[in-house]
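Student: Quick one: the structure is below, questions incoming.
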Amino acid sequence: MAAHQEKKPAQERKHKPSQNDTQTSQVQWGRAWEVDWFSLASILFLLLFVMMIVYYFIMSCDQYQCSLTDPLRDLLTGNTHLPDIWNKTPMLTYRAASIYCLWVAFQVFLYMFVPDFCHKFLPGYVGGVQEGAVTPAGVVNKYEINGLQAWIITHVLWFANAYYFHFFSPTIIFDNWIPLLWCANILGYAVSTFAMIKGYFFPTNAKDCKFTGNFFYDYMMGIEFNPRIGKWFDFKLFFNGRPGIVAWTLINLSYAAKQQELYGQVTNSMILVNVLQGIYVLDFFWNEAWYLKTIDICHDHFGWYLGWGDCVWLPYLYTLQGLYLVYHPVQLGTANAVGVLMLGLIGYYIFRATNHQKDLFRRTDGNCRIWGKKAKDIECSIDGTKYYSKLMTSGFWGWARHFNYTGDLLGSLAYCLACGFAHILPYFYIIYMTILLTHRCIRDEHRCSSKYGKDWKLYTAAVPYRLIPGVF
Ligand code: NDP
């Protein structure tokens with residue numbers, strides 16, 4: 001414990017779980033009250049071009065065997081023109097629209113109308129009705145945690161219908177991939193627009209809304225903190241987890257089935273991508289209740305960034321490795337395959353163990369053992385008030401301030417390495433995750449520094465590195 005703690009008599013200390021302190025620190029995270037020109041320019045750029053980035057990646061695979069440079073070269077040398085590329089792009093079809101509507105409706109049904117039963121027979125699994133963190137307006141929302149169950153039911157039905165009843169081909173997702181992209185976009189924009197209108201005219205909790213007065217900023221970063229329809233349909237939990245993350249593993253299975261259809265076999269790299277990303281997805285649903293306390297749910301408002309991002313960005317760009325492997329069926333040598341597997345598992349272990357250590361520490365208010373020893377911490381005054389929180393300096397949290405991100409990045413690198421080195425496209429994921437998590441790390445530290453003041457300095461002195469001990 002820090003010497004600083006001894007300056008205060010014990011009876012003066014009041015502890016509040018720090019995820020409940022969003023009232024005091026909300027200012028530093030998520031979205032601003034006022035928009036500067038740089039933020040506005042960035043937002044306009046993202047709104048205009050991010051969809052084009054997704055289209056460019058998917059089109060490159062469809063028309064240029066996943067080469068990111070060939071379309072540009074053809075355009076610059078006049079070998080092709082934008083209308084030629086567009087004319088070769090599959091359009092929205094009735095079939096894709098039907099599949100997509102059925103898919104989203106089914107996920108809504110599982111989310112809303114099938115109460116969780118997994119927690120009744122899976123030891124250690126936390127499901128059913130759970131409470132989220134306190135919002136800035138002081139509201140504690142209840143959530144029905146049933147994502148694991150939705151994932152299991154969906155996958156059982158997928159295998160039964162694709163391989164036993166033969167209602168559809170297991171390649172159905174790959175075969176409709178670009179028409180489905182238009183459907184996902186329609187939903188992404190529709191839900192973001194609805195969230196904006198709802199924020200203005202019928203917010204779930206008016207005190208939890210933030211307005212800047214700038215239309216584009218409010219549209220992108222969201223107005224409402226936790227928009228809901230009725231008591232249970234929570235936009236953030238539904239769109240963050242389903243339909244995108246449930247779809248993630250199905251999309252990969254469809255890619256594997258396409259490899260089988262095209263080449264008569266599924267390569268070991270495809271199996272590795274399916275297994276490693278499958279572990280990550282299952283981990284997400286197994287820990288869905290814990291997820292209620294992460295930054296995404298605790299601090300972000302719901303706008304285009306989350307709504308469109310969950311519908312389009314996640315399912316289309318997080319699955320690029322499997323898509324690439326359909327066009328380039330990489331068969332890794334045994335040593336490389338084992339290396340990728342080990343890196344993926346080590347990354348996953350670090351990611352999970354680090355998150356678990358913090359969760360245990362916070363749940364027990366620091367009265368726990370980490371790696372066999374009593375957890376050490378630094379006690380921090382919140383916003384200079386009489387309220388205190390604790391920052392752990394034991395276990396992985398003593399190695400670096402965001403070692404959970406480091407584990408995530410190692411796992412992400414493993415998915416990319418499974419694809420070999422012929423093209424840059426499958427490496428998009430690790431590049432994106434590095435930018436996302438480094439930026440998140442800086443944003444989070446900015447918020448924590450403001451929240452904990454001089455005590456944050458004590459903590460950063462005790463744990464000087466952010467992601468890689470001794471380096472950064
Ligand atoms: P964290 O779980 O790391 O939470 C950060 C918060 O934890 C801080 O704001 C602080 O909050 C508290 N904290 C920081 N240091 C300590 C400490 N030493 N002891 C106790 N509490 C501390 O961040 P995220 O919610 O961003 O990430 C959760 C997981 O999700 C990560 O593993 C990340 O890799 C993953 N992730 C994955 C993404 C993807 O797209 N695949 C995207 C984003 C995240 P407080 O105010 O309570 O003190």
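The values are calculated or read from the model by the stated rules, or taken from the named source; none is laboratory data. The structure presented is a predicted model; accordingly, all values stated were derived computationally and were not measured. In this analysis, Cβ positions are derived from the backbone assuming ideal geometry, glycine residues included, and neighbour counts consider all displayed protein chains. To get the accessible areas, we keep the full protein, side chains included, count just its heavy atoms, and leave off ligands, DNA and RNA. Shrake-Rupley method; radii C 1.70, N 1.55, O 1.52, S 1.80 Å.
Student: Determine the calculated [θ] at 222 nm for the chain from helices alone, applying -39500 (n - 2.57) to every DSSP H run no shorter than 4 residues and normalising by the residue count; nearest 500 deg cm²/dmol.
Tutor: Values: 23 runs with 273 residues, N = 472.
-18000 deg cm²/dmol, from helical runs alone.
Student: Could you please put Thr135, Thr193 in sequence from largest to smallest accessible area, using a 1.4 Å probe?
Tutor: Details: Thr135 0, Thr193 60 Å².
If we order Thr135, Thr193 from most to least accessible, we get Thr193, Thr135.
Student: Further question: Take Asn79, project a point 7 Å from its Cα along the Cβ direction, then tell me which residues of the stretch 53-70 have their backbone nitrogen under 14 Å from it.
Tutor: 63-70
Student: On to the next question. Remind me, relative contact order of the chain in percent, using alpha carbon pairs under 8 angstrom and six or more residues apart?
Tutor: Values: 683 pairs, mean separation 91.7, N = 472.
Contact order relative to length: 19 percent.
Student: For the Cα atoms of the chain, what angle does the longest principal axis make with the long axis of helix 268-286, in degrees from 0 to 90, nearest 10?
Tutor: 40
Student: For the stretch 63-186, what does the convex hull of the Cα positions come to per residue, in cubic angstrom?
Tutor: Details: hull volume 26.3 nm³, N = 124.
Each residue corresponds to 212 Å³ of Cα convex hull volume.
Student: Return, ordered by residue number, the residues of the stretch 274-305 whose backbone nitrogen is under 17 Å from a label point located 7 Å along Cα→Cβ of Ala137.
Tutor: 298-303
Student: At 7 Å along Cα-to-Cβ for each site, give me the label-to-label distance between Leu44 and Lys457 in nm.
Tutor: 4.0
Student: If you stretched the chain out fully between Ile346 and Lys88, how much longer would it get, using 0.36 nm times the residue separation minus the C-alpha to C-alpha distance?
Tutor: Gain on extension, Ile346 to Lys88, equals 88.6 nm.
Student: Please go through the residue pairs Lys142/Lys236; Lys236/Lys293; Lys376/Lys457; Lys293/Lys376 and name each one whose alpha carbons sit more than 19 Å apart in this structure. Don't skip to the answer; put the middle values down first.
Tutor: Details: Lys142/Lys236 13 Å; Lys236/Lys293 13 Å; Lys376/Lys457 17 Å; Lys293/Lys376 22 Å.
Flagged as over cut-off: Lys293/Lys376.
Student: Starting with the highest mean, order 150-158, 408-416 by the number of other Cβ atoms within 10 Å, averaged over the residues of each peptide. Mind dumping the intermediate values first?
Tutor: Details: 150-158: 17.2, 408-416: 23.4.
Top of the packing list down: 408-416, 150-158.
Student: Over 28 Å between C-alpha atoms is what I'm after, so list which of Lys120/Lys374; Lys207/Lys451; Lys88/Lys258; Lys210/Lys451 land there.
Tutor: The answer is Lys120/Lys374.
Student: Give me the accessible area per residue for the stretch 90-329, probe 1.4 Å, as a whole number in Å². If you can, show how the numbers build up before the last one.
Tutor: Working: 9150 Å² over 240 residues.
Accessible area per residue: 38 Å².
Student: If I model a spin label as a point 7 Å beyond the Cα along the Cα-Cβ vector, how far apart are those points for Lys120 and Asp283 in nm?
Tutor: 3.0
Student: What figure, in Å² to the nearest 10, do you get for the accessible area of Tyr255 with a 1.4 Å probe and non-protein molecules left out?
Tutor: We get 0 Å² for Tyr255.
Student: Hey, what D do you get for the stretch 90-329 in µm²/s if you plug the Kirkwood alpha-carbon radius into Stokes-Einstein at 25 °C and 0.890 mPa s?
Tutor: The calculation lands on 130 µm²/s.
Student: Here is a follow-up. Viscosity 1.567 mPa s, temperature 4 °C: what is the translational diffusion coefficient of the chain from Stokes-Einstein with a Kirkwood Rh over Cα pairs, rounded to a whole number of µm²/s? The partial results should precede the final answer.
Tutor: Details: Rh = 23.9 Å.
The diffusion coefficient I find is 54 µm²/s.
Student: Taking the Cα atoms only, what angle lies between the long axis of helix 94-113 and the longest principal axis of the chain, rounded to 10 degrees?
Tutor: Approximately 30 degrees, to the nearest 10.
Student: How far, in nm, would the chain grow between His439 and Asp296 when pulled straight, counting 0.36 nm per residue and subtracting the alpha carbon separation?
Tutor: Result for the pair: 50.1 nm of gain on full extension.
Student: Rounded to whole Hz and in sequence order, give me ³J(HN,Hα) for the stretch 346-355 from the Karplus expression 6.51 cos²θ - 1.76 cosθ + 1.60, θ = phi - 60°, writing x for Gly and Pro.
Tutor: Coupling constants for the stretch 346-355: 5, x, 5, 4, 4, 4, 6, 4, 5, 4 Hz.
Student: How much accessible surface does Phe284 have with a 1.4 Å probe, in Å² rounded to 10?
Tutor: Accessible area of Phe284: about 30 Å².
Student: Give me the number: length gained by fully extending Arg363 to Ala422, i.e. 0.36 nm times residue separation minus the C-alpha to C-alpha distance, one decimal in nm. Can you show the working numbers first?
Tutor: Numbers: separation 59, 0.36 × 59 = 21.24 nm, distance 4.63 nm.
Here the answer is 16.6 nm.
Student: Sticking with the crude label model, points 7 Å out along Cα→Cβ, report the distance from Thr334 to Leu68 in nm, one decimal please.
Tutor: Going from the Thr334 label point to the Leu68 one covers 3.5 nm.
Student: Now for a different question. Once both axes come from the Cα atoms, what is the angle between helix 244-263 and the longest principal axis of the chain, in degrees from 0 to 90, rounded to 10?
Tutor: 30
Student: Which of rounded, prolate or oblate describes the stretch 332-471 when judged by the alpha-carbon gyration tensor and an a/c cut-off of 1.5?
Tutor: Values: a/c = 3.21, a/b = 1.87, b/c = 1.72.
Prolate shape, in that a/c is at least 1.5 and a/b is the bigger ratio.
Student: Something else: Could you pull the accessible area for Thr385 with a 1.4 Å probe, rounded to 10 Å²?
Tutor: About 60 Å², ignoring ligands and nucleic acids.
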